[in-house]
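The values are calculated or read from the model by the stated rules, or taken from the named source; none is laboratory data. Quantities reported herein were computed from a predicted structural model and do not represent experimental measurements. Positions of Cβ are backbone-derived with ideal geometry, glycine not excepted, and every protein chain shown enters the neighbour counts.
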Amino acid sequence: MVLWALRFLQFDTDLFGIKTGVLDRCSTDDGLPLVDAVASAREQGLKLLYVSLEKADELEISFMVEHNINYVDDKVTFHRSVADATTSTQPTSGLIVERVDATSPQLEELAIASGHASRFFADSNISREAAKELFRRWMQNSIKGLAAKDVFAAKDDVGFVVGMITLRVVGEHGDIGLIAVDPSRRNGGIGQTLLQKSFEWARENSLTTMTVVTQRANEGACRFYKKNGFEEMGHVFVYHVWL
């Protein structure tokens, strides 16, 4: 039986104005079955829980379906070996990719664009403005070093930000948190240039693999990563439990 432990999320609580937490898989006897864990969260005054389930979690998925709990995402993780990645493709003409240490309206709008298919926009119980604010703060925290190690911006020949990527270190792996290209400049090689920068950054930090998480429903993103040599390494079904 899968056991679960409750973890309080201060950032989400402050952002949404409701007490929010996540149920994590628990390998100790301190955990609870999903039904009991949800009941305990309700008793503690939580209003929103995030739960990630695997395909094998048949009993837990049945519980979600039975109680009409909001399924919001099929979250897919892609990875690619740094050693196998090349940087032979020429960067887009007139494009400069550089590390940035201050946020801007352009960066924050790109952060919002990067999350357009996320579970926060998919859940009708979360206002669109609250979802936008989450991604604004994600960018702000990435610049501050709280949600990322480095942020890179792609700028055109007049200095306008046309793309960005945030990168963090997880063990021996690099992870892409946010990545987006200005809608008016898509399909011009900017996204590929940003991925190349991520592999350069990974080598500089002695990392072996790059990973990135996206949504199965975001078919364009999935195609983009596969086209650029990433392979799917796993996925989970994400639910928002409103109490």
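Look at (1) closer than 22 Å to Thr103 by Cα; (2) more than 16 Å from the chain's Cα centre (by Cα) and you find that Phe135 fails only one, number (2).
Rundown of residues vs (1) in the same structural domain as Leu9 (by TED's automatic domain parsing); (2) crowded, with 16+ Cβ neighbours inside 10 Å, yes/no style:
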residue	(1), (2)
Pro33	yes, no
Ala41	yes, yes
Gly45	yes, no
Glu54	yes, no
Gly94	no, no
Val100	no, yes
Asn125	no, no
Glu129	no, no
Ile143	no, yes
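Could you please find all residues in segment 96-127 being among the aliphatic types (A, V, I, L, M) and part of a strand (DSSP E or B)?
Matches in segment 96-127: Ile96, Val97.
What are the pairs with Cβ atoms under 7 angstrom where one residue, in segment 223-240, is on the phi > 0 side of the Ramachandran plot and the other, located anywhere, is modelled with pLDDT under 95 and surrounded by 15 or more Cβ atoms within 10 Å (Cβ to Cβ)? Sequence gap at least six, or different chains. Listed by first residue and then by second, the contacts come to Gly229/Ala85. Only a single item in (1) outside any helix (DSSP H, G or I); (2) crowded, with 19+ Cβ neighbours inside 10 Å is not met by Gly234, and it is number (2).
Scanning segment 118-138 for residues that are closer than 13 Å to Leu178 by Cβ and either basic (Lys, Arg) or in contact with a strand residue (DSSP E or B) (Cβ under 7 Å, 6 or more places away or on another chain) (or both) yields Ser118, Arg136, Arg137, Trp138. For the residues Ala153, Ala130, the requirement of being within 19 Å of Val212 (Cα to Cα) and either within 15 Å of the chain's Cα centre (by Cα) or among the small types (Gly, Ala, Ser) (or both) singles out Ala153.
Condition test on Ala202, is it of a type in the set (A, V, I, L, M), at pLDDT 95 or above, surrounded by 19 or more Cβ atoms within 10 Å (Cβ to Cβ) and not in a strand (DSSP E or B)? Steps first, answer last, please.
Numbers: of a type in the set (A, V, I, L, M): yes; at pLDDT 95 or above: yes; surrounded by 19 or more Cβ atoms within 10 Å (Cβ to Cβ): yes; not in a strand (DSSP E or B): yes.
When the stated conditions are applied, Ala202 passes them.
Restricted to segment 62-75, and to residues there that are farther than 14 Å from Pro33 by Cβ and either among the β-branched types (Val, Ile, Thr) or touching a residue at least 40 places away in the same chain (Cβ under 8 Å) (or both), the residue that is surrounded by the fewest Cβ atoms within 10 Å (Cβ to Cβ) is Val65. Check whether at least one residue in segment 29-43 is under 30 Å from Glu172 (Cα atoms), hydrophobic (A, V, I, L, M, F, W, C) and assigned to a strand (DSSP E or B), and report yes or no. No; the residues of segment 29-43 include none that is under 30 Å from Glu172 (Cα atoms), hydrophobic (A, V, I, L, M, F, W, C) and assigned to a strand (DSSP E or B). State yes or no: is Ala180 without any contact (Cβ under 8 Å) to a residue 40 or more places away in the chain, within 21 Å of Asp73 (Cβ to Cβ) and crowded, with 18+ Cβ neighbours inside 10 Å? Taking the combined requirement at face value, the residue does not satisfy it. Every listed requirement among (1) at pLDDT 95 or above; (2) more than 14 Å from the chain's Cα centre (by Cα); (3) closer than 18 Å to Val162 by Cβ; (4) of a type in the set (A, V, I, L, M) is met by Ile96 save one, (1).
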